[in-house]
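Asks: Provided herewith is a single structure, encoded as structure tokens, for subsequent inquiry.
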């Protein structure tokens, strides 16, 4: 049996996790097998995320200290829920959840929150399709390098053309 002190400690821990997290998701895991939940937790750990199963009443108490979280999640806290905290890239966590939900159909992503904004199902699916921060950096670097590399290739071709054309030039008398 959980004592009042344990409940207060749990609420305090949840409040700290919401303060630390960049984003969070509410998922319904009812019907999942233990090995599936373990697999999901392993995949979430790789993306700097954590899944925590909590009682709805305790979660709602933790929401009181975070009004944006309360606004985003209070209506979805019914049934069997787990909160997924994203400490790294939120889109990576969304991608893990969306991919896992495709494989394990009983996992339902109820709602999410990022930067104080509530995310519905469509926004979560869109977020899951976005590339990660490192991929975006690589794409941006490619965009920055493209003009310089095109100029270098153009100059190299011009030099080749001049060298080849200089031999065939008519001799002067």
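Asks: Can you name the condition, by its number, that residue 27 falls short on among (1) surrounded by 12 or more Cβ atoms within 10 Å (Cβ to Cβ); (2) within 18 Å of the chain's Cα centre (by Cα); (3) in a helix (DSSP H, G or I)?
Replies: Here residue 27 meets the rest and fails (3).
Asks: Oh, and also: Can you tell me which residue is farthest from the chain's Cα centre (by Cα) among those in the stretch 30-54 that are surrounded by fewer than 17 Cβ atoms within 10 Å (Cβ to Cβ) and modelled with pLDDT under 90?
Replies: Of everything passing the filter in the stretch 30-54, 31 is farthest from the chain's Cα centre (by Cα).
Asks: Turning to a different aspect of this structure: Determine whether residue 17 is assigned to a helix (DSSP H, G or I), assigned by TED's automatic domain parsing to the domain that holds residue 110, under 20 Å from residue 110 (Cα atoms) and over 18 Å from the mean Cα position of the chain (by Cα).
Replies: Values: assigned to a helix (DSSP H, G or I): yes; assigned by TED's automatic domain parsing to the domain that holds residue 110: yes; under 20 Å from residue 110 (Cα atoms): yes; over 18 Å from the mean Cα position of the chain (by Cα): no.
Criteria not met by residue 17.
Asks: Then there is this: Might you check whether a residue that is out of contact with any helix residue (DSSP H, G or I) (no Cβ under 9 Å at 6 or more places or on another chain), at pLDDT 85 or above and closer than 30 Å to residue 112 by Cβ occurs anywhere in the stretch 149-171?
Replies: No - not one qualifying residue is present in the stretch 149-171.
Asks: If residue 103 meets every condition in (1) touching a strand residue (DSSP E or B) at 6+ places or on another chain (Cβ under 8 Å); (2) farther than 21 Å from residue 10 by Cα; (3) at pLDDT 85 or above apart from one, which number is that one?
Replies: For residue 103, the exception is condition (1).
The values are calculated or read from the model by the stated rules, or taken from the named source; none is laboratory data. Keep in mind that what you see is a predicted model, and the values were worked out from it rather than measured. Reconstructed Cβ throughout: ideal geometry from the backbone, glycine too, with neighbour counts over all protein chains shown.
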